[in-house]
1. Taking 7 Å along the Cα-to-C-beta vector as the label spot, tell me the K92-T66 distance in nanometres, rounded to one decimal.
2. Using a Förster distance of 41 Å, how high is the FRET efficiency between K275 and I328, based on the Cβ-Cβ distance and rounded to 0.05?
3. Rounded to the nearest 500, what is the chain's calculated 222 nm mean residue ellipticity when only DSSP H runs of at least 4 contribute -39500 (n - 2.57) each, over all residues?
4. Order 103-110, 86-93, 125-132 from most to least packed using the mean count of other Cβ atoms within 10 Å.
5. Compute the signed sum of charges (Lys and Arg +1, Asp and Glu -1) over the other residues within less than 12 Å, Cβ to Cβ, of G47.
6. Across all directions of projection, what mean area in square nanometres is found for the Cα convex hull of the stretch 305-365?
7. Percent relative contact order of the stretch 1-63, based on C-alpha pairs within less than 8 angstrom and at least six residues apart?
8. Please report the base-10 log of the normalised intensity I(q)/I(0) for the chain, using a Debye sum with one equal scatterer per alpha carbon and no solvent, at each q in 0.08, 0.09, 0.11 (1/Å).
Amino acid sequence: MTEFEALLRLHMTRGIGTRTYQALIERFGSSEAILDAPRVELEAVPGIGPKLATAIIETSRTIDITTEINLAKEKNVQIIPHTSNQYPKHLKAIYDPPLVLYVKGTVLETDVIALAIVGARRCTYYGLSQAERFSRLLAQKGLCIVSGMARGIDAAAHRGAINSNGRTIAVLGCGLGVIYPRENIELAEQIPQHGAIVSELPMNTPPDFRNFPPRNRLISGLSLGVLVIESSLNSGSLITAQWALEQGKEVFAIPGNIDNIYSRGTHKLIKEGAKLVEDIADIIQELGPVAEFLNTCDTPSSNDPRSLLLNSQEKKIFALLSSSPKDIDEIIQLAGLPASVVTSTLMILEIKKLVKQLSGKRFVKS
């Protein structure tokens with residue numbers, strides 16, 4: 001048995017975490033020696049009782065790591081031990097980094113300049129559009145966008161980075177042999193081309209609510225800070241923000257409608273000292289010296305670069321729109337153009353996927 005195989009066995013043994021492993025290593029010196037240790041010596045290690053000693057002696061030896069390694073290869077997943085130079089350095093710095101990290105794609109050294117964007121699964125169109133917009137603009141500046149690939153805000157954040165040809169990392173609360181939620185299968189195929197999908201859990205671990213709070217420490221651990229966009233008071237996003245604070249990271253929040261339950265979590269964070277964010281300059285300024293490594297530190301132009309390919313009439317109407325819905329009558333009044341012209345122009349912008357029509361003949365930028 002190699003040291004890697006021994007480490008993988010220990011990692012897959014229930015009850016063995018980073019702190020426990022470190023105590024065992026201090027006593028026995030290597031993963032192989034831990035598995036070869038007699039029961040009486042294992043039980044003598046602080047924190048290792050009879051139950052865990054039994055798991056190390058019996059369960060770890062019966063774990064089928066050959067199937068685990070072969071499945072990882074089949075899915076193009078690397079299993080990276082915490083002792084490897086490939087293991088993300090910034091993740092090593094947190095209190096309890098995983099013993100091994102499953103990675104599909106690549107985590108670059110430059111991905112240390114990263115921001116987590118998280119939020120509600122059930123969210124408003126406003127929240128989705130802000131997640132995509134902030135992710136796109138920050139990725140264009142050179143920040144890697146980290147999130148959890150959940151439906152809603154997380155998925156929008158990943159897509160924003162991908163659409164700007166930027167970097168993004170998804171941290172799952174299940175094994176990489178299991179894609180969850182199923183609606184994000186296409187997104188899961190795209191992310192490794194622009195970064196990586198990672199997990200600390202064995203390949204076939206199903207999604208379980210108990211896995212997500214620990215997963216969130218990795219989202220914040222891979223990032224310089226966490227931006228929360230829409231969150232209820234008992235949301236996992238607030239757990240991620242709490243992990244960030246414990247790790248000495250920055251916490252940012254975008255305010256929302258005071259009547260929306262998904263604004264309560266973000267407003268709570270702001271009341272408790274999170275940085276209120278209105279544009280990406282608020283984030284970049286807070287990052288301090290790190291901003292020197294970004295493409296540019298100035299505030300982005302308010303002009304959407306997509307408008308460069310539009311004719312003058314399309315530009316005029318496109319410029320009137322934002323992430324906040326405007327009804328057709330307001331657009332006609334602001335444009336000062338005949339209703340038929342505005343209607344046909346909006347239809348063209350919809351075809352070009354620059355504008356989206358909501359219920360009640362209201363329009364927003366896509």
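1. Taking the simple label geometry, K92 and T66 are separated by 3.3 nm.
2. Details: r = 37 Å, r/R0 = 0.89.
With a Förster radius of 41 Å, E is 0.65.
3. Values: 17 runs with 150 residues, N = 366.
Rounded to the nearest 500, the figure is -11500 deg cm²/dmol.
4. On the way: 103-110: 17.4, 86-93: 15.5, 125-132: 22.9.
My ranking of the peptides, most packed first, is 125-132, 103-110, 86-93.
5. Values: positive: R19, R27, K51; negative: E26, E43.
Cβ neighbours under 12 Å give a net charge of +1.
6. On the way: hull surface 14.8 nm².
The Cα convex hull of the stretch 305-365, projected and averaged over all directions, gives 3.7 nm².
7. Numbers: 52 pairs, mean separation 25.1, N = 63.
That works out to 40 percent.
8. Log10 of I(q)/I(0), two decimals: -0.47, -0.57, -0.79.
Read-outs throughout are calculated quantities, based only on the coordinates presented, and are distinct from any laboratory measurement. Quick caveat: nothing in here was measured; it's all calculated off a predicted structure. Positions of Cβ are generated from backbone atoms using ideal geometry, with glycine treated the same way; all protein chains shown enter the neighbour counts.
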